[in-house]
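Derivation of every value follows stated rules applied to the coordinates shown; laboratory data play no part. Treat the numbers as computed from the prediction; the structure is a model and nothing was measured. Methodologically, a virtual Cβ is constructed for each residue, glycine included, from the backbone with ideal geometry; neighbour enumeration extends over all protein chains shown.
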Amino acid sequence: MLLSVVSVSSRRPFFKALVSRTGRYFSQVSAAQKRGAPIEVHPEVQEALATNQPVVALETAVVTHGLPYPDNINLAMSLETIVRSTGSIPATIGFIGGQVKIGLEKQDLERLATKDTDAAKISRRDIGAAIALKADGGTTCSTTLIFAALAGIKIFATGGYDPIRIALTNTAHQHQARRSPPWRREQ
């Protein structure tokens with residue numbers, strides 16, 4: 001399986017605008033939550049972001065649609081273990097009951113991994129419907145990019161961003177990568 005890591009440079013003007021005077025990364029999640037957005041950030045991820053520890057966003061479409069059970073849950077747990085072995089905090093992103101969760105508990109991953117939940121594969125176009133229908137679902141690269149950027153997560157790892165396909169197609173993942181300021185290529 002190909003694992004791509006997209007990193008963010010702190011020298012970009014947009015990124016600098018999101019860094020507060022104390023050096024902490026400004027999160028737009030709290031502003032979205034005040035407007036009623038169904039977003040929940042795991043306390044461990046919140047703490048890591050507040051103390052400038054490295055946090056790695058992980059997508060969950062590979063859990064819901066990439067592999068059969070139990071391989072999918074084993075992969076998800078292995079990826080989180082690998083991230084932790086680097087001294088980083090994993091922030092696996094998924095939809096549970098129509099709520100966006102940034103940093104999933106093991107029972108949330110189990111819920112997405114089993115066939116009983118009929119979890120959806122949620123791309124950026126499906127976000128509104130998933131929230132309205134209170135759906136469970138795995139996030140694609142594009143959806144993960146949206147919520148990682150919203151939370152202020154600087155690093156994103158995925159198994160679904162195929163560099164060979166970049167020149168051949170224009171997928172939602174690539175379009176969102178261009179639209180998400182932290183992941184734009186340096187000019």
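So here's what we get for this one:
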{"item": "Chain lengthening between T114 and T51 when straightened (0.36 nm per residue, less Cα-Cα)", "result": "19.2 nm"}
{"item": "Sorted by Cβ neighbour density within 10 Å, fewest at the top, the residues S30, S85", "result": "S85, S30"}
